[in-house]
């Protein structure tokens, strides 16, 4: 037996810049879970980690301890390969909704635990709940059984999953210790690795609408995620994608759900589909379902063309209690009282569509949460968004605003008017998918 | 009106290495006092300050805000100059007990608020309480009245004094953020400046028995204390003193009280008196009672020789409810069951008397506190300690151990045996008072 580790002594080790041992990290994570470390000790440690950093080995130990702080899903009864995808969050990022059934249609199970929207980014669970009746709160057993039966489940984080992460994340949020690569990495992977997937892909976004504003920080996180997951025995790749303008043409819960259904029917916007295919290809490659990117791409396109992906989506909606009729008749999804066009005052090229302005407009309309306890309005948001670089005529619709209140409508209109710039010159777009790491 | 300062935003400013404004520092200190900053936010900020540092201007703002977090004593009715002394804490440091009446006997009032012992250092209050009946818990009004009437009072920290310091100190103690110069400086001065003294001196100790092990750290603290006090309008000097061996020949509460009474009667050990005179000289110089160090020294010696200092001490003991007979008959002070000599196995020169070993022996005997809630045994400790450099014959007494339990006695004997080294060669002692700063 080792001697007890006093929190203040473990804190002092990191404070002085040394690497923590696996045992020291475990004592902190256990302390976060059972309360034997006080909140003020955890937050002092988080600040010390923020300012002193962590080695990859420490980050692995932290991720592992956080993952083991709660239940680790047992998907051993699920036959065949299992893959999951994570996004660091962006504006209009609805990729999980249609990518998961596309992958399942290719024979790879997708056990996916997602989050809710907070701040300027939307959450996969909120988008799913725009389908009447859809349940995201399955027990771990129901979840495992559904993955085994139909090959996919999209659920919310259970209270049994990585409780240490919930405690530490809540503290980071109010102590200025959010933006730190080892802590972000451990938070993401502790949950993702507890889900039971064999391989992982991550979409790490950078730009004005992303948590990480610059490419270098995003690349550092992507590399850390891939390194840590691999050291923990899970093959992983990460793609770096630009998030200066929203992804796709819709932002808002039911509106994004409609765009995802479009994607499953072969009518998705080019940028949404590009990110979808790149992520899907890596998932099929890592699970060895495909040998080349071309083969993987062909399989994914076939799953859309032959209706298999849409069928998987229907099975999931049915299994999780959602009204499956809303897939074919999207008028069954919540709709806002007003749908009002924002018209361009001039012709020209769309110079920029600021993701943050669009996100704030959607938040203002009620599509998101400023605080965790806020309620989301599934109906509202923005659709038919123009894309940067598009040529438009005079009087063109820049976006449709879906609102349930006049003040909200006026505010959103002002935010969008400021956020969408139309000018003379043609615009050269940087690549959407910047790099594949791993 | 300024906008509200969210704790996490203020924390992030220091986290990123910038200097905090006076307003930002005030918001944190107000938050520590009224609870509007959570403990976990305060501790994250303390760690950020620990790792990023503070400028002198920030330290002044922090000290000022902490001082104003509670009552500031009004000694305006006390005529004449007022001086106080602080020690960073050492082993056997009983200087306050006899220096305060010496200074009062020279016509300078001494409003002194002291602390209790914790860890390896003793506390002035515990030593005073070895006098039967002595009360250290006066109200601020009683305290001010006594300083006005007899020129001195030695009391404990009231709950009204610098409450922000109590909160922050308690957090620092359990979050690994104690050893930081700006935080130590603000903690010391916020209390000392709230006492109402016109001038301050500090004894900043370094060495094996001090909080600061090395001279450079001690000098940095001394310079910071002097700079911050002066910027706040209070003339201050600090002396750097060595604390490798205990100060004087006694360690333990009643035993140190006896040594202090000896000092007041002109029979104090040379090293205790050297520190006493150097501090006293600076107090008389800063208050302009004396023009030169020689004059100051002569006044202090006269106050002992003519009995004025001992008379002041009697007045204070009487005023604070203590049994004044114990001053002339120290057998009225608590005495331990056993007083046992530790005998040297050999003749030679005392090579070293390790202050930390002696402190741990005293702690083991029950003279101190390992935890704040521990009770102190006033009777126990060590007396007749040899001093480094002394020549001793075979069978000489290295120390007398005063114990109230057999196991405690055996433990203390082992610690002292390990801590007192006797060898062949003569020993050259470094200076006790290293430097006067300010």
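A compact table of results
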{"quantity": "Translational diffusion coefficient (Stokes-Einstein; Kirkwood radius from C-alpha pairs) of segment A:7-53 at 20 °C, 1.002 mPa s, in µm²/s", "calculated": "207"}
{"quantity": "Fewest-first sequence of B:47, A:112 by Cβ atoms within 10 Å of each Cβ", "calculated": "A:112, B:47"}
{"quantity": "Test item: A:49-56 mean partner chain Cβ contacts at 10 Å", "calculated": "2"}
{"quantity": "Net length gained if the chain between residue A:293 and residue A:433 were fully extended (0.36 nm per residue, minus Cα distance)", "calculated": "48.9 nm"}
{"quantity": "Relative compactness, segment B:273-353, computed as alpha-carbon Rg over 2.2 N^0.38 Å", "calculated": "1.60"}
{"quantity": "Candidates A:117, A:90, A:266, ranked by Gaussian network fluctuation over chain A, Cα under 10 Å, top entry", "calculated": "A:266"}
{"quantity": "Tail beyond 25 Å, pair distance distribution of segment B:1-111 (Cα, percent)", "calculated": "44"}
{"quantity": "Folded to 0 to 90 degrees: helix B:22-34 orientation relative to chain B principal axis, Cα", "calculated": "70"}
{"quantity": "Share, in percent, of DSSP beta bridges within the protein assembly as shown that are antiparallel, nearest 5", "calculated": "50"}
{"quantity": "All-pairs Cα distance distribution in segment B:259-393, expressed in whole percent, bin size 10 Å", "calculated": "10, 27, 33, 25, 5, 0"}
{"quantity": "Efficiency of FRET from Cβ geometry, residue A:173 and residue A:318, R₀ 45 Å, rounded to 0.05", "calculated": "0.80"}
{"quantity": "Crossing angle, helix A:293-305 versus chain A [Cα axis fit, 0-90 degrees, rounded to tens]", "calculated": "60"}
{"quantity": "Interatomic Cα distance distribution for the protein assembly as shown, bins of 10 angstrom, percent", "calculated": "2, 11, 17, 17, 14, 10, 9, 9, 7, 2, 0, 0"}
{"quantity": "Rg/Rg_ref, segment B:83-328, where Rg_ref = 2.2 N^0.38 Å and atoms are Cα", "calculated": "0.94"}
{"quantity": "Helix-only CD estimate at 222 nm, as mean residue ellipticity for the protein assembly as shown, using -39500 (n - 2.57) per DSSP H run (n ≥ 4)", "calculated": "-14500 deg cm²/dmol"}
{"quantity": "Solvent-free Debye scattering, log10 I(q)/I(0), computed from the Cα coordinates of segment B:44-182 at q = 0.09, 0.10, 0.15 Å⁻¹", "calculated": "-0.32, -0.40, -0.88"}
{"quantity": "Pairwise Cα inverse-distance average, inverted: Kirkwood Rh of segment A:27-79 (Å)", "calculated": "12.7"}
{"quantity": "Dimensionless Rg/Rh of segment B:338-397 - Kirkwood Rh, Rg from C-alpha atoms", "calculated": "1.06"}
{"quantity": "Degrees, to the nearest 10: A:355-365 long Cα axis against longest axis of chain A", "calculated": "80"}
{"quantity": "Average beta carbon contacts from partner chains per residue of B:34-41, 10 Å cutoff", "calculated": "4"}
{"quantity": "Other copies of residue B:55: label-to-label distances in nm, shortest first, labels 7 Å along the beta-carbon direction", "calculated": "3.7"}
{"quantity": "Cα centroid separation - segment B:329-380 against segment A:104-137, whole Å", "calculated": "68"}
{"quantity": "Cα-only radius of gyration and Dmax that characterise segment A:71-136, units Å", "calculated": "13.1, 38"}
{"quantity": "For A:56, B:49, order by how many other beta-carbon atoms lie within 10 Å, fewest first", "calculated": "A:56, B:49"}
{"quantity": "Translational diffusion coefficient (Stokes-Einstein; Kirkwood radius from C-alpha pairs) of chain B at 25 °C, 0.890 mPa s, in µm²/s", "calculated": "110"}
{"quantity": "Residue order, fewest to most surrounding Cβ atoms within 10 angstrom, among B:84, B:328", "calculated": "B:328, B:84"}
{"quantity": "Beta bridge orientation in chain A: antiparallel %, DSSP, nearest 5", "calculated": "50"}
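FYI, it's all coordinate maths here, none of it is from the lab. Keep in mind the model is a prediction, meaning the values are calculated, not measured. Counting neighbours? That spans all protein chains shown, and the Cβs are built from the backbone with ideal geometry, glycine included.
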